[in-house]
1. Quick check on the range 210-235: of everything there that is part of a loop (DSSP other than H, G, I, E, B) and modelled with pLDDT under 80, which residue is nearest to residue 326 (Cα to Cα)?
2. Condition (residue is outside the structural domain of residue 260 (by TED's automatic domain parsing) and at pLDDT 65 or above) applied to the range 89-103: is it met by at least one residue?
3. Report whether or not residue 119 is assigned by TED's automatic domain parsing to the domain that holds residue 51 and within 30 Å of residue 37 (Cα to Cα).
4. Among (1) touching a helix residue (DSSP H, G or I) at 6+ places or on another chain (Cβ under 6 Å); (2) modelled with pLDDT under 80, which single condition is residue 269 missing?
5. So if I check each of 243, 270, 238, which one is buried (at least 19 other Cβ atoms within 10 Å of the Cβ) and outside the structural domain of residue 119 (by TED's automatic domain parsing)?
6. How many residues, within the range 166-181, are crowded, with 17+ Cβ neighbours inside 10 Å and at pLDDT 70 or above?
7. Please tell me if residue 260 is modelled with pLDDT of 85 or more, assigned by TED's automatic domain parsing to the domain that holds residue 300 and not in a strand (DSSP E or B).
């Protein structure tokens, strides 16, 4: 700011001297000089996009919610005396102002800032400068222009490492006994052995049998025998907006993430089905699969028509085997109740989490439907978003 004032004072004194020595043309010369000064100030303002260079960075691309992230920004201004004030309009909506005269430690042509950010909810965030506003050296003109490319940060939902599931272990053995290995492409040959009269002829290893001169049988294994299916409802909560809506969706994603984490640590394969079934299912068995699931849950969009009812029709039937099924519901209706009862009748073991906004207990048909699930043997938990 001091440089700008000095520049303006020098130019103003020069105009006065020019007027004094111009004789009869003094008034005209003064007007022309002032017009030239105004034009120069205006031109400098509109040249700002070419004279202000922005550098941005974040120290992490992926963080868990409430984890700290450091965002740094540096603006290099050529001919800095032309711009006494530069303001950054952040994507968060906060206006971060920099007055050069008030920056005791800043250089004359560089403005820097570092910000520690925390994200209270999972999701995709755009972090960075949205617009830059510059003020010309006369202080009469301002110009705002977009600048920089925002950094995209993915915020994972919270994952409770102490979370556990009470799975039906007897059901796993029952599933293995009813599992037809030849109907599933995921079955792999684990070993071979000699033929037993009770063996299915489809298990015969024909090439090896011909080579050894005796009937050899293939032993199959499949990760699907111990599969646990997770059904995540992605309907937005009715009547919730802003932070309340974000907290509600965050709770649903966090429960799914904690469940998947428990299953991976227990070495139990899981299949995540979400929304109305239009998206591909995700199989989660390894740590790498878990990372992919976290990315999915971080950016998962809750939208109208995201009822899990459609997914249940195509993915969970009595012909697909018997599983432990974990359901995360954001709403209850007659269609959901009918399908959940059908799952229990098929023999599936059902664990149901019903997510509610704070202080809003299930009432009426919702409460009656959940009680019906309990009566049929389902494990039902009411979970409130924060």
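The values are calculated or read from the model by the stated rules, or taken from the named source; none is laboratory data. Since the model is a prediction, treat every value here as computed from it, not as a measurement. Heads up, the Cβs are rebuilt from the backbone with ideal geometry, glycines too, and the neighbour counts pull from every protein chain shown.
1. 227
2. Yes; the residues of the range 89-103 include at least one that is outside the structural domain of residue 260 (by TED's automatic domain parsing) and at pLDDT 65 or above.
3. For residue 119, the condition - assigned by TED's automatic domain parsing to the domain that holds residue 51 and within 30 Å of residue 37 (Cα to Cα) - is not met.
4. (2)
5. Checking each option against the conditions leaves just 270.
6. 2
7. For residue 260, the condition - modelled with pLDDT of 85 or more, assigned by TED's automatic domain parsing to the domain that holds residue 300 and not in a strand (DSSP E or B) - is met.
Residues checked against (1) modelled with pLDDT under 85; (2) within 20 Å of residue 227 (Cα to Cα):
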{"residue": "288", "(1), (2)": "no, yes"}
{"residue": "294", "(1), (2)": "no, yes"}
{"residue": "311", "(1), (2)": "yes, yes"}
{"residue": "320", "(1), (2)": "yes, yes"}
{"residue": "326", "(1), (2)": "no, yes"}
{"residue": "362", "(1), (2)": "yes, no"}
{"residue": "367", "(1), (2)": "yes, no"}
{"residue": "383", "(1), (2)": "no, no"}
{"residue": "386", "(1), (2)": "yes, no"}
